[in-house]
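Asks: Could you have a look at this structure, given as structure tokens, before my questions?
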Amino acid sequence: MKPVAVVRFPGTQCDQDVVKAIKLLHYPVKTIGHADRFSPKDYSAFILPGGFSYGDYLRAGALAVHSQAMQDIYKAAEAGRPILGICNGFQILCEAGLLEGTLQVNQTLRFIDKWVELELIHSCSVWGGDQIKKTVCIPIAHKEGRFYASEEKMKMLQDQSLIWWKYKKNPNGSLESIAGIMNKQKNVAGLMPHPERAMAEWMGGTAGISFFKTFF
């Protein structure tokens, strides 16, 4: 079984949370550094965790796009490998053009850290698939999580069924209450909430487990 790759950038904070989540499901996992080069075929999936890559200078995720590791993430996406960006990872995937839209500062202009209810709009076969319930409750922790896209891009996301999750009660002003989206091939997905922080009852819930169970 090929390992799941967790990609770490300077300022990434949630990589060990994701590593522990993957290990909890007894999958092999390996951390890849921002300066590392690799072959996409050597890994079963790729996860870009949350944090503040490169201190979120310029814009969240903007500098991470130019790292060595991202050159091979582009190749992995093109090859159809499963890729998940969580929080800052979602921001990076949008900055990289692998997902549509942008993540902007919350409407409140404040960092938000709370549990939220999500509604599944269209399933993502490589990240959860049919194992995920129609509604889940997992935590968010971000200041730049307000999803925005042009009218043209929003129409494309809607017409091609690329909206993955929506907030049941919008916490940050995201357009159409969007919490997660997919690319056209549906192998690349971005999610602002943190499923890796909902893996056990002592954390507050186990809804996060199902996000990681179907990429093999």
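The values are calculated or read from the model by the stated rules, or taken from the named source; none is laboratory data. Remember, predicted model here, so these are calculated numbers, not experimental data. Backbone-built Cβ (ideal geometry, glycine too); neighbour counts: all protein chains shown. The accessibility values were calculated without ligands, DNA or RNA, using every heavy atom of the protein model including side chains. Shrake-Rupley method; radii C 1.70, N 1.55, O 1.52, S 1.80 Å.
Asks: Name the pairs whose Cβ atoms lie under 6 Å apart, with the first residue in region 196-216 and in contact (Cβ under 8 Å) with a residue 12 or more places away in the chain and more than 15 Å from Glu117 (Cα to Cα), the second among the aliphatic types (A, V, I, L, M) and open to solvent by 50 Å² or more (accessible area, probe 1.4 Å), and 6 or more positions between them or separate chains?
Replies: Close Cβ pairs (under 6 Å, with a partner that is among the aliphatic types (A, V, I, L, M) and open to solvent by 50 Å² or more (accessible area, probe 1.4 Å)) amount to Met199/Leu24.
Asks: Sticking with this structure for a sec: Look at region 144-189 and say how many of its residues are under 18 Å from the mean Cα position of the chain (by Cα) and within 23 Å of Gly80 (Cβ to Cβ).
Replies: Of the residues in region 144-189, 16 are under 18 Å from the mean Cα position of the chain (by Cα) and within 23 Å of Gly80 (Cβ to Cβ).
Asks: Next question, about the same structure. Give the residue, chosen from Tyr74, Tyr43, that is surrounded by fewer than 20 Cβ atoms within 10 Å (Cβ to Cβ) and aromatic (Phe, Trp, Tyr).
Replies: Tyr74
Asks: Quickly run through region 159-189 and pick out the residues that are out of contact with any Ser or Thr (no Cβ under 8 Å at 6 or more places or on another chain), without any contact (Cβ under 8 Å) to a residue 12 or more places away in the chain and either not small (Gly, Ala, Ser) or not in a helix (DSSP H, G or I) (or both).
Replies: Of everything in region 159-189, just one residue is out of contact with any Ser or Thr (no Cβ under 8 Å at 6 or more places or on another chain), without any contact (Cβ under 8 Å) to a residue 12 or more places away in the chain and either not small (Gly, Ala, Ser) or not in a helix (DSSP H, G or I) (or both), namely Asp159.
Asks: Pick from Ser150, Ser161, Ser174, Ser125: which is of a type in the set (Ser, Thr, Tyr) and buried (at least 19 other Cβ atoms within 10 Å of the Cβ)? Working first, answer last.
Replies: Working: Ser150 fails: buried (at least 19 other Cβ atoms within 10 Å of the Cβ); Ser161 fails: buried (at least 19 other Cβ atoms within 10 Å of the Cβ); Ser125 fails: buried (at least 19 other Cβ atoms within 10 Å of the Cβ).
After ruling out the rest, the residue left standing is Ser174.
Condition check ((1) within 15 Å of Gly85 (Cβ to Cβ); (2) hydrophobic (A, V, I, L, M, F, W, C); (3) in a helix (DSSP H, G or I)) across all residues:
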| position | (1), (2), (3) |
| --- | --- |
| Pro10 | no, no, no |
| Val18 | yes, yes, yes |
| Lys23 | no, no, yes |
| Tyr27 | no, no, no |
| Lys30 | no, no, no |
| Phe38 | no, yes, no |
| Phe46 | yes, yes, no |
| Leu58 | no, yes, no |
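Asks: Of the residues that make up region 103-120, is at least one at pLDDT 95 or above, surrounded by 20 or more Cβ atoms within 10 Å (Cβ to Cβ) and assigned to a loop (DSSP other than H, G, I, E, B)?
Replies: The answer is no; no qualifying residue exists.
Asks: Oh, and also: Sort out which residues of region 11-32 are open to solvent by less than 20 Å² (accessible area, probe 1.4 Å) and out of contact with any Lys or Arg (no Cβ under 6 Å at 6 or more places or on another chain), and write them in order of number.
Replies: Selection gives Thr12, Cys14, Val18, Val19, Ala21, Ile22, Ile32.
Asks: Pairs needed: first member in region 65-87, touching a residue at least 40 places away in the same chain (Cβ under 8 Å) and closer than 21 Å to Ala198 by Cα; second member anywhere, open to solvent by less than 70 Å² (accessible area, probe 1.4 Å) and of a type in the set (D, E, K, R); C-beta distance under 9 Å; at least 6 residues apart or different chains.
Replies: From residues that are touching a residue at least 40 places away in the same chain (Cβ under 8 Å) and closer than 21 Å to Ala198 by Cα, the pairs are Ile86/Glu196.
Asks: Shifting gears a bit: Condition first: within 22 Å of Ala35 (Cβ to Cβ), open to solvent by 50 Å² or more (accessible area, probe 1.4 Å) and not in a helix (DSSP H, G or I). Can you find one or more residues in region 80-90 that meet it?
Replies: Scanning region 80-90 turns up at least one residue that is within 22 Å of Ala35 (Cβ to Cβ), open to solvent by 50 Å² or more (accessible area, probe 1.4 Å) and not in a helix (DSSP H, G or I).
Asks: When only residues in region 190-216 that are assigned to a loop (DSSP other than H, G, I, E, B) and at pLDDT 95 or above count, which is farthest from the chain's Cα centre (by Cα)?
Replies: Gly204
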